[in-house]
Amino acid sequence: MARWARGYHQDAVLHVERKHFERQDLSLWTEEMTYTARPLSDAVVRDADGRIIGPELKAEWAEYQAWAALGNTPAPANTLAKLKETALQALADRRWRAETGGISVNGSPVATDDKSQAKLVGACLAATLDARYSVQWKIADRGFVTFDRDQIIAIAQAVRTHVQACFDREAALAEEIEAAPDEQALATINIEGGWPS
């Protein structure tokens, strides 16, 4: 084979191999990408960053079309039911943060996480069974404090009132979420405010 032919042949093989690699690389990248359809639109949402991709965004639309050409399909558009489900999950998380965020009783901080609630139930039960009951209770900023029967019952009641108020707030907001007639009404519901502290 002539030298120029050999060089041309090697360049052609490299070109084909490079194109094959680029195609493989593209299919690896595009298979990892996911999209969600948008209601009443040709556009899609790129799930990785929430960016809305439509035909007017030529490069990103070409990436989406390459992804679709590999046999991928976007997830269905979020329905109002799905949006409500997501809002209710966010609401439950917000209630949990308020519930376990702690309270102040007579100027002393009291933990309200699940373990602390369980320990208070035990101490309260012991206090109701023994009129002379007292306990060394550890408070975050003051170390150990001695509480008598009446004090531990009062603290347990304050924690229980706080926890129930958090669930009451969640229930009221959940009712608003369920009653929302559309996405716009759902978006106006503020789940961050109005929590007991």
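The values are calculated or read from the model by the stated rules, or taken from the named source; none is laboratory data. Since the structure is predicted, the reported quantities are computational estimates derived from the model, not experimental observations. Cβ atoms come from the backbone with ideal geometry, glycine included; neighbour counts cover every protein chain shown.
Worth a mention:
- Some residue of region 93-101 being touching a residue at least 12 places away in the same chain (Cβ under 8 Å), touching a strand residue (DSSP E or B) at 6+ places or on another chain (Cβ under 9 Å) and closer than 30 Å to L173 by Cα: no
- Output for region 107-158, where each listed residue is free of Cβ contacts under 8 Å to residues at least 12 places away in the same chain, out of contact with any strand residue (DSSP E or B) (no Cβ under 6 Å at 6 or more places or on another chain) and part of a strand (DSSP E or B): G143
- Hey, D148 loosely packed, with under 12 Cβ neighbours inside 10 Å, assigned by TED's automatic domain parsing to the domain that holds A92 and among the acidic types (D, E) or not: no
- Residue ID - modelled with the lowest pLDDT, chosen from residues in region 25-38 that are under 27 Å from E183 (Cα atoms) and out of contact with any Asp or Glu (no Cβ under 9 Å at 6 or more places or on another chain): R38
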